[in-house]
Amino acid sequence: MAWPVEQRRALFQRPDSADVLRRAGMTWESVAGWLQGPMAKEVWEALAPSMGYMALLRNLRNFDEAGMSDEVAAAVAARLADPGQVARSRQFPFRFLSAYEAAPSLRWGHALDQALQASLSNLPALPGRSLILVDTSASMTHGAISAKSKVTPAKAAAVFGVALGAKGEQVDVVGFADGTFRHDIKPGASVIRTVDRFLKRIGEVGHGTDIVGSLQRTYRGHDRVFIISDMQTMSGHYGQGVSDAVPRHVPIYGFNLGGYKMAAFATGKANRHEFGGLTDATFKTIPLLEAGRNADWPF
């Protein structure tokens, strides 16, 4: 900090610039102000080795626009894809999709896809057959899932729906609005590309939210049902509500992305559950709920 401003940029001509910055405890934010000028290629290449995981994820566009070399970019990509670093970063899965969409070049794509899949490693592997209904209505494409996020409810729902589908051998992923469409997930397919393909189908079956009708059209003896929606649902068909659209012994797990006070169905008993929000942590409770119902160990 004591160096004259006109001498600071000369640091990045030295081979030890990355080590100097690391030992000085300079973050990329502090360097941006310290330089009092543009963050050029050599600046980002010196900073990258000491940047934290989330900082790397947020700056992929900056790396590309500055012209970061493929050699340094490969080292960054290796860190992004490392399962241990993904776990320690505690990033939500949809953050990797957002980073993929924001980055101008394709050189990050494989690493981000691997990172997203690693972030989903804690999702439960559930026995039997599961039906996953993902809301694609118009209301799901507006707003964000939190005050600090730009991710729409539709995008978050698609990431988790597709991820569960990719993980389970007997999972039917269905998009729904006024109607329904089945979204097949090929074994070994990229989660990011499959989510992108799913999002492009929004509007295909209308713009309303007909949960009851969707269940009536798609439930075929599944062992459990997931509904990922903002829960702005239409009234029931022929007097039938969401809870009655599948047999009472079959659990329904609703993930309410709209934050409404009133649930779309009676919850808290008879295998009917609703979660406020959507994270990998909410999915971890499902095996516990089913173990409690079945009196399995450790209950």
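Here, each number is a calculation from the coordinates, and none is a lab measurement. Keep in mind that this is a model prediction, so the values were computed, not measured. All Cβ positions, glycine included, derive from the backbone under ideal geometry; neighbour counts span all protein chains shown.
Summary of values
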quantity: Whole-number percent relative contact order across region 130-294, with pairs defined as alpha carbons under 8 Å at least 6 apart; calculated: 22 percent
quantity: Quarter of Cα convex hull surface for region 1-118, i.e. mean projection, nm²; calculated: 7.1 nm²
quantity: Listed candidates (1) 6, 24, 32, 23, 11, 4, 1, 0; (2) 7, 29, 36, 22, 6, 0; (3) 6, 25, 28, 18, 12, 8, 3, 0 - label of the one calculated as P(r) over Cα pairs in 10 Å bins from 0, in percent; calculated: (3)
quantity: Cα long-axis angle, helix 70-81 against the chain (0 to 90 degrees, to the nearest 10); calculated: 40 degrees
quantity: For the chain, built as a Gaussian network whose Cα springs stay under 10 Å, the top-fluctuating residue of P15, P287, P49; calculated: P15
quantity: Formal net charge of residues neighbouring G179 (Cβ-Cβ distance under 13 Å; K, R +1; D, E -1); calculated: -1
quantity: Helix 109-119 vs. the chain, principal-axis angle (Cα, 0 to 90°, nearest 10); calculated: 60 degrees
quantity: Within the chain, percent of DSSP bridges classed antiparallel, to nearest 5; calculated: 15 percent
quantity: Nonlocal Lys pairs with alpha-carbon distance under 30 Å, region 130-294 (8 or more apart, or different chains); calculated: 25
quantity: Choice from I211, I228, I185 showing the highest fluctuation, given a GNM over the chain with Cα pairs closer than 10 Å; calculated: I185
quantity: The chain: relative contact order in percent, alpha carbon pairs under 8 Å with at least 6 residues between; calculated: 13 percent
quantity: Selected from G206, G254, G161 as most flexible by GNM, with the chain as the system and alpha-carbon contacts under 10 Å; calculated: G206
quantity: Within region 204-256, trypsin sites (Lys or Arg not before Pro) in DSSP loop having at most 12 other beta-carbon neighbours inside 10 Å; calculated: R220, R248
quantity: Percent RCO, i.e. relative contact order, over region 5-119, from Cα pairs under 8 Å lying at least 6 residues apart; calculated: 24 percent
